[in-house]
Amino acid sequence: MTSELADAIQRGYDQRDRANMAPTIAYFQALLAEHPDHPVLVYEVGGAYDTAGEEETARGYYERALALGLDGDPLRRCLCQYASTLRWLGDLDESLAVLDRARREFPDSDSVRVFRALTLNDAGRPDEAVAELLTVVTGHPEVTDLGRWAVGLRGLAQWLADGRPE
């Protein structure tokens with residue numbers, strides 16, 4: 001990724017209007033035409049379609065970006081967005097599989113845990129969803145007012161994740 005390309009991607013985001021994604025989609029499509037098969041640009045095009053509510057189209061771009069060898073932080077972001085898209089499309093098992101991969105590759109990622117919690121909730125597994133969210137918020141007690149409750153809440157998160165053992 002050159003600095004020029006990174007700047008061009010940022011310009012696309014700076015000009016984005018979530019209520020009218022057509023110009024952003026066109027912008028990222030034009031960039032992709034200049035840099036065919038660039039995994040980050042393929043991912044960004046997918047993200048633009050995703051934001052526009054065109055999940056099925058976004059899915060194809062996410063899958064292509066992953067096949068092209070996306071890595072690093074763009075990989076983490078793509079896995080989260082792809083899993084979220086799969087969740088919206090009702091493919092909950094596939095969404096969880098993507099998020100399980102993301103957890104293996106990015107074990108300390110709060111975003112992965114939050115997206116996993118959303119999918120778990122939609123899959124009818126609310127205790128596991130709450131456990132994931134508790135793990136996120138108790139991992140940063142210094143930026144919340146959880147203070148001394150953080151350790152106990154982490155224990156509750158584990159208890160919920162373990163299926164409420166006696």
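Computed extension gain for Arg104 through Val151, at 0.36 nm per residue and net of the alpha carbon distance, reaches 14.5 nm. Count Lys and Arg as plus one, Asp and Glu as minus one, and take only other residues whose Cβ is under 14 Å from that of Ser109; the net charge is then +1.
Based on protein heavy atoms only, the range 1-85 ends up with 48 Å² per residue of surface accessible to a 1.4 Å probe. Taking Ala117, Ala129, Ala19 in turn, the Gaussian network model of the chain (Cα-Cα springs below 10 Å) assigns the largest fluctuation to Ala19. Whole-Hz Karplus values for the range 37-47 come out as 6, 7, x, 5, 5, 4, 4, 5, 4, x, x Hz, taken residue by residue from phi with 6.51 cos²θ - 1.76 cosθ + 1.60 and θ = phi - 60°; glycine and proline positions read x.
Would you work out what percent of the accessible area of the chain, with all protein chains in place, is carbon or sulfur (probe 1.4 Å)? Carbon with sulfur: 52 percent of the solvent-accessible area. Shown in residue order for the range 160-166 are the 3J(HN,Hα) couplings computed by the Karplus curve 6.51 cos²θ - 1.76 cosθ + 1.60 at θ = phi - 60°: 5, 5, 7, x, 6, x, 5 Hz (x for Gly and Pro). Only Cα sites of the chain enter the Debye sum here, all with the same form factor; the resulting log10 I(q)/I(0) across q = 0.19 1/Å is -1.14, listed in q order. Rounded to the nearest 10 square angstrom, Leu89 shows an accessible area of 60 square angstrom against a 1.4 Å probe. Panel values: the range 43-87, Kirkwood radius from alpha carbon pairs, Stokes-Einstein at 37 °C and 0.692 mPa s, translational diffusion coefficient 332 µm²/s.
When each of the peptides 74-87, 43-56, 147-160 is scored by how many other beta carbons lie within 10 Å of its residues on average, the order from highest to lowest is 74-87, 43-56, 147-160.
Whole-percent P(r), the range 87-160, all Cα pairs, 5 Å bins from 0: 3, 18, 24, 24, 17, 9, 5, 1.
The values are calculated or read from the model by the stated rules, or taken from the named source; none is laboratory data. All values derive from a computational prediction rather than experimental measurement. As a convention, Cβ positions derive from the backbone with ideal geometry for all residues, glycine included, and neighbour counts pool all protein chains shown. In case anyone asks, the SASA skips ligands and DNA or RNA and just uses the protein heavy atoms, side chains included. Shrake-Rupley method; radii C 1.70, N 1.55, O 1.52, S 1.80 Å.
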